[in-house]
Amino acid sequence: MAKRIDIPVTGMTCAACSAAVERTLKELPGVKSAAVNLAAERATVEADDSVTLETLAEAIIGEGYGVELPSGPADSSDRTDRERERRAAEFSELRRALIISAAFTIPVFLGAMFEFPVLKNPWLQLFLTLPVQFWAGLRFYRPAWSAIRHGTTNMNTLIVVGTTAAFVYSLVVMLFEERFSAAGVPAGVYFDTSATIITLILFGRFLEARAKGGTSEAIRKLIGLQPKTAVVIRNGVEAALPVESVRIGDVIAVKPGERIPVDGVVSDGFSTVDESMLTGESLPVEKSAGARVFGGTINRAGSIRFSAERVGSETALARIIKLVEDAQGSKAPIQRLADKVAAIFVPTVMAIAALTFIGWWALGPSFTVAFMNAVAVLIIACPCALGLATPTAIMVGTGRGAEEGILIRDAESLETAHKIDVVLLDKTGTITKGEPELVSTVLAPGGIFSNANDALRTAVAAERYSEHPYGQALVKHAEKKGVSLGHSAGFQAVAGGGIRATVGELRVSIGTEAFMMADSVDISPLLGEAARISSGGVTPVFMAVDGKIEALFGLADTIKPGSRAAISALKEMGIEVVMLTGDHKGAAAAIAEAAGVSRYYAEVLPERKSEVVKELKAEGRTVAMVGDGINDAPALAEAHVGIAIGTGTDVAMEAADITLMRGELDGVARAIRLSRGTISTIRQNLFWAFFYNVVGIPVAAGLLYPLSFVVPPLHMALSHMMGPYLLLNPMIASGAMAFSSVSVVTNSLRLKRKAL
């Protein structure tokens, strides 16, 4: 039996690092799959029962990276608190290293670039560079050496090789200047190059760390919503207990302004509750006896008591946090190309640097030019950007979805959703409210009732104790209109037919046409009206009093207020909308027309829904199925993307790839827009990550050198930045490398502000 294990991994700095850890984990016996997320700094492993957390940790440590093993059972809150503390400590240490490194580097840089005789002293430059190279740069040396010991390379390898070469070359030249001059080799020192490169890369990592902190903000917000205590009533005594101590069945009291600690059902009181953290809906929801409440939501107006139904990891909020964590740690198929490149990236760059050095030394103007070009190639390479391009966008996208009440199971579902071109909508509970409502009342000519309210009053008195949806619909309508509910006697329900009861002195029967005929009631005065409303998708329910037909009630499952606008929005996005319903063709046509759906399948049995999905997939379409019931689960699982309406059943939500916490259909278009925006961001990130390397490395190797013999405006413009020979200074290369990672993370953060 496969199990899932999540492991926080420390020490990864680039795509080559995450690729090395992932490769090591996949090679372990019993491991079925492994995905390592550089941005989330987490490995997710699917393995059989023989694989333990300790086994995986040993493999990661053996590869030269660190792990954070929990000291005991811990929930998401504990794990996130530890991660936040670790990130804060790393950020603080990085800032300290940057400040000290900059303080030593600035005099070295000024001495090399400007006429400051004191600062030009090579011995002074050496002593100022030493702490930068071997104290601030120690964070590069350690992982680089660890990678070398394990037969791998990463971004730190490039930085260490490039800066150490510049430092050692400068030191040797300074110590043996006369011999270099005698051999005809220029005796320049480049301490400013190594110091400035390290400082700029530290600055880039500082900006990157600050930006990356925003990618997991959604998880921190969700966890921050979990209350720490609950007021529990046991044996008539109220006591504030840690929320972990709440048991199923406990009665919990919540005052205005407090957060509801766990999920449950209201037993006493009335209030309005802000559920925006779950659903994204800003309007408060009224809660009275029998209503469900959810942990983390805010009780606004009144005091309530409720019975705990789900606690700990089973609450809606805890499940949402787990789902978002899983999605943020998953890997999208679009990342495969970047992974393949990352596996060979660093060795390839080192080979290009070596060829650059050899080529320029053999054919170029000097050893120094060959050396500096090789260093520039090493420094400008950007494996970080490749590793961050996809996971940062996935983290921000799934987090933004959670804030909007759109829960995405994994990165693959998020990626697939952008290709959806047809959406299947189950009618009941998705397009419609899922429960019948009274839409019309017709009185029999010459009957005993003078108005519709009189007929309704008699009907609800008879139906008051009925459990049938149609009877309950009549009672709810009467309550909304303020019609008093009378009492009846001798209530009798006939399955599939109707009810009989005595209201005062009146013998009342309410039910279908067949039920009336069985009671020998002549319904011909209202039969034409019944046929008319039936053709429009409305169900006719007859009422007879003392054996004579007196009224006809039209009951229908009405369309949700926002359904037509939501369907219109999908069509404007170029997506075809198809409706599925078990209703007969006349009723289906009426609902489809009212909702703005041009294609529909009527009289569809539950098991037929998944067959319709298969038919559309066979047409080459990318299909999304939207539903809310148990009978929708097979179709949700069969579709490319299953979308469950969150007001539906847990079974539907478990089978779905995306869950909409609000019961509104507009969430489908918002989810697809989020997917399109995220994939667009990933493509932009990957483009720039590849662009930096595909353009930057050849330029660093001297690709523009032939243009130095031409005098057009292009050469003049470039020469101001790159010098007369259009060769890239390693310090500029380090700035470009640092900027590449920061730009990728910053671009991903734009998703937080994208309109859905």
(Q) Charges on Cβ only, +1 for Lys and Arg, -1 for Asp and Glu, centred on the Cα centroid of the chain; of Ile106, Leu323, Phe116, which one is farthest towards the dipole's positive end? (A) Phe116
Q: Express the C-alpha Rg of segment 557-610 as a ratio against the empirical globular expectation 2.2 N^0.38 Å, rounded to two decimals.
A: 1.14
**Q.** Options Thr416, Ser440, Leu605, ranked by Cα towards positive dipole end of the chain, top entry (Cβ charges)
**A.** Thr416
Q. Residues in segment 1-30 near a label at Asp49, defined as backbone nitrogen under 14 Å from the 7 Å Cα→Cβ point?
A. 1-4
**Q.** Candidates per GluC sites (Glu not before Pro) in segment 579-640, loop by DSSP, up to 11 other Cβ within 10 Å
**A.** Glu619
Q. Using bins 10 angstrom wide from zero, how does P(r) for segment 542-640 break down, in % of all Cα pairs?
A. 13, 38, 31, 9, 7, 2, 0
Q) Any idea how far apart Ser535 and Leu124 come out in nm if each label point goes 7 Å out from Cα toward Cβ? A) 10.0
Q: Could you state the angle between the C-alpha long axis of helix 336-363 and the longest principal axis of the C-alpha atoms of the chain, as a value from 0 to 90 degrees rounded to the nearest 10?
A: 20
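So if I average 1/r over every pair of distinct C-alpha atoms in segment 379-436 and take the inverse, what Kirkwood radius in Å does that give? If you can, show how the numbers build up before the last one.
Details: mean 1/r = 0.0689 Å⁻¹.
Over segment 379-436, the inverse of the mean reciprocal pair distance is 14.5 Å.
Two decimals, Cα atoms only, Kirkwood Rh: what is Rg/Rh over segment 396-476? Could the numbers behind the result be given before it?
Numbers: Rg = 22.6 Å, Rh = 17.2 Å.
Across segment 396-476, the Cα-based Rg/Rh ratio is 1.31.
What does the accessible area per residue of segment 1-68 come to in Å², with a 1.4 Å probe and no ligands, DNA or RNA counted? Spell out each step's value before the answer.
Details: 2610 Å² over 68 residues.
Solvent-accessible surface per residue comes out at 38 Å².
Rolling a 1.4 Å sphere over the protein heavy atoms, what is the accessible area per residue of segment 278-334, to the nearest Å²? If you can, show how the numbers build up before the last one.
Details: 2280 Å² over 57 residues.
Solvent-accessible surface per residue comes out at 40 Å².
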(Q) If I compute solvent accessible area with a 1.4 Å probe over the protein chains, what percent of it on segment 412-539 is carbon and sulfur? (A) 50
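With a 1.4 Å probe and all protein chains left in place, how much of the accessible area of segment 22-74 comes from carbon and sulfur atoms, in whole percent?
Reported share for carbon and sulfur atoms: 52 percent.
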Q: Report the one residue of Ile198, Val578, Val341 whose Cα lies farthest in the direction of the positive end of the charge dipole of the chain (charges on C-beta: Lys and Arg +1, Asp and Glu -1; origin at the Cα centre).
A: Ile198
**Q.** Ellipsoid semi-axes in whole angstrom, largest first, where each is sqrt(5λ) of the Cα gyration tensor of segment 407-560
**A.** 37, 17, 14
**Q.** Exposure rank, largest accessible area first [Tyr601, Tyr65; 1.4 Å]
**A.** Tyr601, Tyr65
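Accessible area of segment 252-407 with a 1.4 Å probe: how many percent of it is carbon plus sulfur? Mind showing how you got there, number by number?
Numbers: 3380 of 5530 Å².
After summing per-atom areas, the C and S share lands at 61 percent.
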Q: Take the Cα pairs of segment 287-367, get the Kirkwood Rh, then feed it into Stokes-Einstein at 37 °C and 0.692 mPa s and tell me D in µm²/s.
A: 173
Q.
Straight-line reach only, C-alpha to C-alpha below 22 angstrom: list the lysines that Lys255 could link to, leaving out same-chain residues fewer than 8 apart.
A. Lys228, Lys287
Q. In bins 10 Å wide, starting from 0, what share of all Cα pairs of the chain does each bin hold, as a percent?
A. 3, 12, 17, 18, 16, 12, 9, 6, 4, 3, 1, 0, 0
(Q) Leaving out ligands and nucleic acids, and using a 1.4 Å probe, what accessible area per residue does segment 454-607 come to in Å²? (A) 47
Q) Which of the aspartates and glutamates could be linked to Lys419 by a straight reach, that is with a Cα gap under 20 Å, when you skip same-chain ones fewer than 8 residues away? A) Asp410, Glu572, Glu576, Glu615, Glu619, Glu638, Asp657, Asp666
**Q.** 222 nm mean residue ellipticity, helices alone, for the chain (DSSP H n ≥ 4; -39,500 (n - 2.57); rounded to 500)
**A.** -16500 deg cm²/dmol
Q.
Output needed for segment 95-176: three equivalent-ellipsoid semi-axes, defined as square roots of 5 times the C-alpha gyration tensor eigenvalues, in descending order, whole Å.
A. 26, 15, 9
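Tell me, what is a quarter of the convex hull surface for the C-alpha atoms of segment 430-477, in nm² with one decimal? Please list the in-between numbers first.
Numbers: hull surface 15.7 nm².
Averaged projected area of segment 430-477's Cα convex hull equals 3.9 nm².
Set the bar at 24 Å for Cα to Cα. Now go through Lys433/Lys609; Lys3/Lys26; Lys571/Lys609; Lys433/Lys754; Lys331/Lys571 and name every pair that lies beyond it. All intermediate terms of the calculation are to be shown ahead of the outcome.
Details: Lys433/Lys609 20 Å; Lys3/Lys26 15 Å; Lys571/Lys609 22 Å; Lys433/Lys754 30 Å; Lys331/Lys571 30 Å.
Beyond 24 Å between Cα atoms: Lys433/Lys754; Lys331/Lys571.
Can you give the relative contact order of the chain as a percent, counting alpha carbon pairs under 8 Å and 6+ residues apart?
Details: 1492 pairs, mean separation 99.5, N = 756.
Answer for the chain is 13 percent.
Taking all protein chains together and a probe of 1.4 Å, list Lys340, Lys754 from the most accessible to the least accessible.
Lys340, Lys754
The values are calculated or read from the model by the stated rules, or taken from the named source; none is laboratory data. Note that the structure is predicted; figures quoted are calculated from it, not measured. As a convention, Cβ positions derive from the backbone with ideal geometry for all residues, glycine included, and neighbour counts pool all protein chains shown. Accessible surface areas use protein heavy atoms only, side chains included; no ligands, DNA or RNA. Shrake-Rupley method; radii C 1.70, N 1.55, O 1.52, S 1.80 Å.
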